[in-house]
Amino acid sequence: MLEFLVDIEPGRDDTALLRFAFGLARQHGAHLTGLQAVMLSPAAMLAMPDAMLVLEEQELAAQERHDWWRQLCRGHGVEGSWEAYRGLHESVLSRRASLADLVLGQLSREAARLASGLHPLGRILTSDAAPMLLVPEHWAGTEGVRKVALAWNGSAEAARAIRAATPLLLRADEIVVLDGVSRIRANARHVPLALDAWLKRHALRARWDILDEADDNGPSIQAHARGCGADLLVMGAWGHSRASEWLLGGVTRHMFKHGELPLLVVEA
């Protein structure tokens with residue numbers, strides 16, 4: 001059974017992230033764990049004379065949300081569990097993510113800080129604990145992942161992201177490869193990665209869209225993914241491929257700031 005972990009913010013009981021997470025868990029028969037980290041900012045800890053008491057109360061309130069979570073799981077037909085821990089958000093998530101196959105978080109405007117590693121979810125990406133799937137705040141999809149777009153530039157970063165997405169690809173109805181490799185294959189200086197052969201070995205059929213040089217940027221990649229009707233975009237993050245400019249920080253930052261699709265990313 002796959003283990004999905006979803007990062008729950010206090011007071012956020014009905015979000016696009018939750019609706020997507022339950023739909024994905026139901027599609028894959030996965031166990032879905034809701035996780036809430038309980039913490040106060042360092043400034044609050046210093047300013048509040050009874051900070052430890054407040055922290056204990058917040059931790060107790062978070063732990064008592066298990067009934068709410070159990071009811072949600074039952075309503076969505078998903079097996080799940082609830083966990084709440086006191087500690088730094090990034091530390092709690094990174095440690096718990098080590099036992100997860102996939103971590104789901106919200107792709108909000110604040111998530112732009114992911115690219116600099118300052119956002120708590122960014123620490124999971126850099127910890128190599130689990131792949132991260134980020135869901136835009138206003139995403140309306142609730143039926144799991146049916147059509148997947150793979151941003152492919154032949155790099156190890158992109159390959160790792162696609163490999164991490166294998167369980168999702170196996171249940172998808174359609175896969176589209178946004179191929180930025182074919183037009184530059186002759187001049188590539190790295191060992192070519194045969195994605196087509198890998199997909200065939202995993203009994204995965206894909207349609208290939210060859211992209212030109214003008215498409216090597218975040219807006220174009222996202223536009224192509226949306227244009228083909230994808231409900232998930234898979235890409236590497238913070239890569240430095242010699243074959244293309246796709247996966248440099250600029251593209252990653254654009255996806256985090258202006259993401260319109262659920263985004264599965266893996267840091268190299």
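Going residue by residue through the range 169-177, is there one that turns out to be surrounded by 18 or more Cβ atoms within 10 Å (Cβ to Cβ) and either over 19 Å from the mean Cα position of the chain (by Cα) or modelled with pLDDT under 90 (or both)? Within the range 169-177, not a single residue is surrounded by 18 or more Cβ atoms within 10 Å (Cβ to Cβ) and either over 19 Å from the mean Cα position of the chain (by Cα) or modelled with pLDDT under 90 (or both).
Looking at the structure I just gave you, is residue 120 modelled with pLDDT under 80 and over 17 Å from residue 200 (Cα atoms)? Spelling it out, residue 120 is indeed modelled with pLDDT under 80 and over 17 Å from residue 200 (Cα atoms). If you go through the range 11-34 and pick out every residue that is assigned to a strand (DSSP E or B) and either β-branched (Val, Ile, Thr) or under 10 Å from residue 69 (Cβ atoms) (or both), you end up with 3.
The values are calculated or read from the model by the stated rules, or taken from the named source; none is laboratory data. If you're wondering where the values come from, they're calculated on a predicted model, not measured in any experiment. Every residue, glycine among them, receives a Cβ derived from its backbone with ideal geometry; neighbour counts consider all protein chains shown.
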